[in-house]
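Student: Attaching a single structure in structure tokens format; questions to follow.
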Amino acid sequence: LMRKLRQYEHVNREIHARAAVNVYASKLDSDCYLRAFPGARVESIPNGVDVSALARSEIKLNDPPRIVFAGRFVAQKNPLQIPRVLANLKDLRWECSMLGDGALLEETRAEIARLGLSERIRLTGWVAPQNVLDEFARADILFMPSRAEGLPVVGVQALAGGLAFVVGRAGGFADLTSDGGNGFLHDSDDADGFSASLRVLLTDASALRRARQNSLARAEAFDRARVIDAYENLFKEIVA
């Protein structure tokens, strides 16, 4: 983000010179903008979802545990990391679905086949937004080894659905994930770290249940009503 901010520095200076406030969805993005332009006023208001519509009344673990990835198959999302990490966990019981389409889809399919995981990792191609939610409702763990993110809506949806997180230390995932609480954060290229965290969740049902329950509790901060209130209060302040 810092590189992008500097790349369009003249544009951003014009924006924050004219704007009463600059709003970013993730705290990381807000902090980056403030470091780049110390004179700007910056606020962080997250993306929100209707938590009550997505939340589960109780956590039911799947047997075997179900892992899900949802996003574009592009370098930013790092989809090739998923079969490479899961290849280290062949000795465990799990199922994985990778939802989405993009330039790296066929390369990911080939990597899955090379690692002998074609029977264990399902590639769906593009799916409608409601189908993503349906997949989340059948899953236990969101595995997104992203290199870069804003504050992903699918992450907020997964949080509201009570999924445990094993995700890249990128953008808004740091806002969604309490490391060791509702999941684990790792650098995007830390295959060993991802493997170790997944092994914990896949072999310890109590740890998986606890992480999923912590996601449900954490989701309240991202409820759509709270987000709307935050924007409304900000607009009222600016107008006043």
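Student: For PHE235 and ASP192, what is the calculated FRET efficiency with R₀ set at 51 Å and r taken between the beta-carbons, to the nearest 0.05?
Tutor: FRET efficiency, PHE235 to ASP192: 0.65.
Student: Right, another one. ³J(HN,Hα) across the stretch 99-111 via Karplus (A = 6.51, B = -1.76, C = 1.60, θ = phi - 60°), whole Hz, x for Gly/Pro?
Tutor: 9, x, 9, x, 4, 9, 4, 5, 5, 5, 4, 5, 5
Student: Counting only heavy atoms of protein chains, what accessible area per residue, in Å², does the chain have with a probe of 1.4 Å?
Tutor: 49 Å²
Student: With no solvent and one equal point scatterer per Cα, compute the Debye intensity ratio I(q)/I(0) for the chain at 0.10, 0.14, 0.18 Å⁻¹ and report its log10, rounded to two decimals.
Tutor: -0.50, -0.91, -1.33
Student: A further question follows. Work out the FRET efficiency for ARG199 and ARG18 from their Cβ-Cβ distance, taking R0 = 35 Å, and round it to the nearest 0.05.
Tutor: After rounding to 0.05, the efficiency reads 0.10.
Student: Explain nothing, just compute: Karplus ³J(HN,Hα) = 6.51 cos²θ - 1.76 cosθ + 1.60, θ = phi - 60°, for every residue of the stretch 140-154 in order, whole Hz, x for Gly and Pro.
Tutor: 10, 9, 8, 10, 9, x, 5, 8, 8, 8, x, 10, x, 4, 4
Student: A further question on this structure: Subtract the Cα-Cα distance of THR124 and ASP50 from 0.36 nm times their separation in residues, and report this length gain in nm to one decimal.
Tutor: 24.1 nm
Student: Can you pull the one-decimal nm distance between simple spin-label points at GLN76 and LYS90, each 7 Å off the Cα toward Cβ?
Tutor: My value for the distance between the label points is 3.4 nm.
Student: Carbon and sulfur atoms: what percent of the 1.4 Å accessible area of the chain do they account for?
Tutor: Carbon with sulfur: 50 percent of the solvent-accessible area.
Student: Please return the longest stretch of the chain lacking exposed loop sites, where GluC sites (Glu not before Pro) count only if DSSP places them in a loop and at most 11 other Cβ atoms lie within 10 Å.
Tutor: With a cap of 11 other Cβ atoms within 10 Å, the longest stretch comes to 120-240.
The values are calculated or read from the model by the stated rules, or taken from the named source; none is laboratory data. Since the model is a prediction, treat every value here as computed from it, not as a measurement. All Cβ positions, even for glycine, are placed from backbone atoms using ideal geometry, and neighbour counts span all protein chains on display. Side chains included, ligands, DNA and RNA excluded: accessible areas come from the protein's heavy atoms. Shrake-Rupley method; radii C 1.70, N 1.55, O 1.52, S 1.80 Å.
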